[in-house]
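Following: one structure in structure tokens, then a few remarks.
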Amino acid sequence: MKEVLKKKAIRRLKILEGQIRGLQKMVEDEKYCIDILHQSLAAKEALSGVENLILENHLTTHATEQMRRGKSERAVKEILSIYKLSRRRG
């Protein structure tokens, strides 16, 4: 993994870890539902940011290397599978 992207991903995951712990505490403390939902949506956005970093890394490293080695069909198949998964949950 590219070092700069790895550092960004780890930083965001640590922030996300704190957000998840905060969400758990909010549920345990029976906080207002709308406040919990706001925090949950913020955590989803944070996770989406991590996914974007990982995808960026894949496209700039693994996918380009696959194409250089004549494995473009595999690269396209993998990217399409991720795209289809992301469309289902959206």
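Every number in this text was worked out from the coordinates using simple rules, so none of it is lab data. These numbers come from a predicted model, not from an experiment. We place every Cβ from the backbone using ideal geometry, glycine too, and count neighbours over all the protein chains shown.
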Enumeration of residues in segment 39-90 that are β-branched (Val, Ile, Thr) and farther than 30 Å from LYS25 by Cβ:
THR60, THR61, THR64, VAL76, ILE79, ILE82
Counting only residues that are farther than 28 Å from LEU23 by Cβ and polar (S, T, N, Q), segment 35-90 contains a total of 6
Of residues in segment 33-81 being within 24 Å of LYS8 (Cα to Cα), surrounded by 14 or more Cβ atoms within 10 Å (Cβ to Cβ) and among the β-branched types (Val, Ile, Thr), the one nearest to the chain's Cα centre (by Cα)
VAL50
Any residue in segment 53-60 that is of a type in the set (Ser, Thr, Tyr) and without any contact (Cβ under 8 Å) to a residue 24 or more places away in the chain?
no
Considering only residues of segment 12-24 that are surrounded by fewer than 12 Cβ atoms within 10 Å (Cβ to Cβ) and of a type in the set (D, E, K, R), which is nearest to LEU53 (Cα to Cα)?
LYS14
